[in-house]
Amino acid sequence: MLAAFFFQPYTAPYLGLVLNWAIIVSSVALLVAIASLVVIHIRFIVKGRKGFLYSIVLVVAFLVTLGLGWYSGLDDPAYLAGIRAILVPLENALMALVALVLMSAAVKIFRVRGWSILTVSFGLSALVFLFLNLGFLRFEGNPGMSQVVSMIQRLPIVGARGLLIGVALGALLMALRVLFGQEVERE
Amino acid sequence: MSDQGDDLRTCPNCGQENASFTLRCIRCGQELEGLFELEGFDPAATSGEDQADETFTSAEVLASLEDNPLIADDDPDEGESSDKVEESDGQQCETDQDEPDWLERIRQRAREEEDAAGELAKGGIAMDDQRTKEGRKQVDEAFDEIMRRIREQNEREKARRSRRVESDLVDENGDPEWLRRIRELHPKQEDKDESIEPDLSKTDGFDDEWTEQELQELLQREMGMPEVPAEEPEEEVTTELSTSSATNNELEEEQEISEERFPYQDDEAGNPVIIHNIPEDEEELFYAEPEGEQPSDQIENEEPTEFPAQAEDELIAEEVSGSEEIQGTLGAEGIGSEEEEHENPQVAENETEEEPEQIAPAEKSVSTEEVLPDLLLLKNQRERAKVFAEIIGQEGRRTIAVLHENTPKGKLGRLVLGLLLVLAVLLAILLGPPGSAELPSSVPAAAFTTNLESVEADESVLIVLDYQAATRNDLEPLFKKVLDFLKEKGIQPRIVTANPENLWLAGDVLDASLLPLEYVPGGMLGYLALGVRVAPSWGELPMDQALPDEPDLFSGVDQVILVSDSAEFVRSWLEQVSTWRPWIETSAITTAVSAPMLLPYHDSGQLQGLVAGVTDAGAFSINQRAFQVGMLLMIVILLLGMIMKADEDAQKRAEERKR
Amino acid sequence: MNNLDLLLLLAGLVLSLMVFSYLLGDTLLFGIAMYTLVGATAGFTVLVLVQKVIMPMVITPLTTFPKSSVWLELATLLAALLPIFMIFKKSSRVAGISLGFLGGVVTAALIVGVSRGTLVPQLLSIVDAFDPSRMTTAGLPNWSGIFEAFMMLAGVLAVLFAFHHRKTKQKQDSLAPSWLDGLTGFGQIFIGITFGAIFVGLFSTGLVALIAYVQYLVDFVRLW
């Protein structure tokens, strides 16, 4: 694969084919994983394991979605609208819950983590960006202040770039390790 | 019922006294359970609960009878009591009417068949012989009382068990219920294990078999005897359990200790005698489990994470149920004391301090003949012991990380703050205008707009969707705006997704614009395959069938607009696809949370533009005032958290100064 | 609005309200809502995978042999069949072949993509900031550009060092020189700023969802 990546475009058709096979393998693997999940929950129901009510809910939701979709067709607008009507409020509520939970996290963070360079810079940064998001500050007539605000908004780039480079280096090392079998040996 | 009577049970065959939970006589091997099987009593005829109770209580019968000083073997007042039997003969007829039928049948059979059922009746006859007429009445009254108490205790225990299992699956330390039960059963054993670990390490590591020391300690704990430190070495105990010299030394020491603790353990021949509490057959312990409410079920439900093997489950179940059964056979007070130990360790400690005094007479009353060695461990017992040792070895190791503690106070605080935010948002929506202030766009958002405006009518635009329903309110208004803008310019974009969720989610937006949505198989791998795609000379690639209209997704595309709530997706796109098609300009519509991690890509020129949510583009499809109220509330809460922490620190410092 | 739409609307409303029971703890209602979400998503995913991936990419080509090589079609079929062996414990090694193949492909794509898409462009971006054309304006020093370039370099190095230093300190538990701690602290400032921005972004996204949800509830009540 690496060779195919480097010797482009001569290897492009073969690379495409290999990637197509990889797509098929990953899709079937995902199907197997879902099948395994459902089978496990069916087993929980049969055994009457604690919390099997959840398993019933999961299996019923799975079967209803699958059965209706199979019957009506994947592109049926009514079927898609039905799923939308159920899942959109559900996921929306989950995201809204994040906001509510973050409220209590904001109170706890300093009490739990204490004072440190990281927490103080985190807190001040959060306050500044919250304030900027309010939209109360207007510096259209003041280019100096506008530039300051612009610089503040660019400040996260430094940390993010450092994080991205760090993550990329880590991923690269891990990939090379896996490629040379060192990771498997270590495990 | 006193503690004395709980400890020993007389064998009907040889007269040997055995521990009350022993199922076979340690001298002659006679099954002691047979003694409690009542002739003419059909347990199946009764209800499940009654059956369980009867079976359970029948195991208590002998213990309760033994418990009574009137029938104790070693009662010094035996002669007097036999006199009383004759005196109270007349009263017996009256009390017989109140007795249960099955008990009466036992007595009748015992009277009629002196040696009939053999061992079965022998014990009863032996006991009956000791009874006086007056004593019978007292015994029967005591028996009824005991039966009642056992039932009450049993029901209490059942209720408590079910409560405990429901509420305390994992304690505040993240330790599962099964492990805590084991700890409760063997609290000192673990300490002991730790202390002897260096010695064991000299051999093959951890000793995985039951040592005599462990057995002795276990028995002592069961009997509530005090631990006495070893003083001088005596005889060496030879067992098949010793696996190393180090262990042997410990065994010798332990033997010395145990011999001091149990002066009656040497029989007449001077052979060392060991008592252990491991039943010969674990399965027999289940006979008295009431109503099928075995702890094994509970433990199975609790699903120990690190020990999935069935054998381990069985072991745990048997250990727990076995110990509970032992407690059950010890009698009502035994159960009661066990419960109290579970519930209140303080009380338990006090009790253990008091117990030696109570038990002392019992120790004296036991002769050396009465306890014989039972040293052999069955193979399955040894295996179970091995697994058990491993479980104890897991002590202190957390199997499931506890991320945070959910205290009731914390829950209440979260609830209050959550409700506060909901209320604030609700009031902002219901009261007053929604707000229409135009917020200044950020530099990346301005670049996005500029880039979009630069698209010519003859250019091809590809829009890639990858977002969840949770973030649709942050993305879809912007997506709609882009579609409207392109429509004004007469550009019909091609819209694709590799996320199944978008097939039903994007309907709201796309149905209005009558644009089709295509599915690309394989996620990012699919996009990569299309990015590197060159039509092969041998025919078609499998993916060509999945995109029948135009397999070459990037053919003639000038602009790609990513609509994604995931910084990871955008990053992967820039890494996997853009690198193969560098001439295509890429910009992104994303959420506010993804923006900080994508800003470096805009800074490096890989992303031509970036809009981070509805607030960044000033495209408020939601109530702007409510948004501002929420932001203000968060500022207040964050400041409050800082102030609270500062106040807490100040108080601590003041206290330190006072000290 | 017909009855079915109304029923679906109510179902969505009830399930979403169940989600908020999380504020009272990890309750039964929250669990039901979550398992419904997982079940429905899994069901739909299976449908999509079968109808949009397996059918067109594996089954359909088998019926159109003349279009491509028979051997290629069989290889594709084999690729589809191998992961199925994961279901059976005894033959899971066979499935390991396909997973190993997948792992190799992903790893190779990762190495190429990360190096070409993130490492090189981001490092070049830091270096580009020191381009003389960007550090001068009309022959005069562009102080803000210079400051920004140095700040970027120092900041990125400090952030990288902060992570490395934290790891080694955890491992060795050694006393580091004070200047190293200072550099770590400098890196932590930038990490804290970035995390603060992410925190505000997350809250902003959640708040938008909350406002939309409350609006949805208000609209629902007004509907009646």
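General remarks:
- Close pairs from region C:83-94: first at pLDDT 75 or above, partner hydroxyl-bearing (Ser, Thr, Tyr) and assigned to a loop (DSSP other than H, G, I, E, B), Cβ under 6 Å, at least 6 apart: C:85/C:91
- The set of residues from region A:128-166 being more than 7 Å from every other protein chain (Cβ to nearest Cβ) and at pLDDT 90 or above comprises just one member, A:128.
- Hey, residue B:592 crowded, with 21+ Cβ neighbours inside 10 Å, at the interface with chain C (Cβ under 7 Å from one of its Cβ atoms), in contact with a strand residue (DSSP E or B) (Cβ under 9 Å, 6 or more places away or on another chain) and over 21 Å from residue C:122 (Cα atoms) or not: yes
- Some residue of region B:506-521 being within 30 Å of residue C:38 (Cα to Cα), aromatic (Phe, Trp, Tyr), in contact (Cβ under 8 Å) with a residue 60 or more places away in the chain and crowded, with 17+ Cβ neighbours inside 10 Å: no
- Single unsatisfied condition, residue A:125 versus (1) polar (S, T, N, Q); (2) over 30 Å from residue B:644 (Cβ atoms); (3) at the interface with chain C (Cβ under 7 Å from one of its Cβ atoms): (2)
- Of the residues making up region B:547-564, just one is of a type in the set (Asp, Glu) and either in a strand (DSSP E or B) or surrounded by 23 or more Cβ atoms within 10 Å (Cβ to Cβ) (or both), namely B:558.
- Residue check, residue B:653 buried (at least 20 other Cβ atoms within 10 Å of the Cβ) and out of contact with any Asp or Glu (no Cβ under 8 Å at 6 or more places or on another chain): no
- Odd one out for residue C:138, checked against (1) modelled with pLDDT under 80; (2) of a type in the set (A, V, I, L, M); (3) buried (at least 18 other Cβ atoms within 10 Å of the Cβ): (3)
- Residue B:579 being in contact with a Lys or Arg (Cβ under 7 Å, 6 or more places away or on another chain), hydroxyl-bearing (Ser, Thr, Tyr) and either surrounded by fewer than 24 Cβ atoms within 10 Å (Cβ to Cβ) or more than 9 Å from chain C (Cβ to nearest Cβ) (or both): yes
- With respect to being within 30 Å of the chain's Cα centre (by Cα), modelled with pLDDT of 75 or more and among the polar types (S, T, N, Q), residue C:27 fits the description.
- Listed conditions (1) away from chain A (no Cβ under 11 Å); (2) modelled with pLDDT of 85 or more are all met by residue C:152, apart from (1).
- Here region C:98-136 is the region considered, the condition is being more than 8 Å from chain B (Cβ to nearest Cβ) and among the β-branched types (Val, Ile, Thr), and the residue that is farthest from residue B:569 (Cα to Cα) is C:136.
- In the condition set (1) part of a helix (DSSP H, G or I); (2) at pLDDT below 85; (3) more than 7 Å from every other protein chain (Cβ to nearest Cβ), residue B:569 is compliant with all but (2).
- Of the helices (runs of 4 or more DSSP H) lying entirely inside region B:579-659, those containing at least 2 residues that are touching a Leu at 6+ places or on another chain (Cβ under 7 Å) and free of Cβ contacts under 8 Å to residues at least 12 places away in the same chain are B:624-658.
- Of all residues in region C:20-52 being hydroxyl-bearing (Ser, Thr, Tyr) and facing chain A (nearest Cβ under 7 Å), the one that is surrounded by the fewest Cβ atoms within 10 Å (Cβ to Cβ): C:45
- Single condition residue C:55 does not satisfy, out of (1) over 17 Å from residue A:21 (Cα atoms); (2) modelled with pLDDT of 85 or more; (3) facing chain B (nearest Cβ under 10 Å): (1)
The values are calculated or read from the model by the stated rules, or taken from the named source; none is laboratory data. What you see is a predicted model; the values in this text were computed from it and never measured. Every residue, glycine among them, receives a Cβ derived from its backbone with ideal geometry; neighbour counts consider all protein chains shown.
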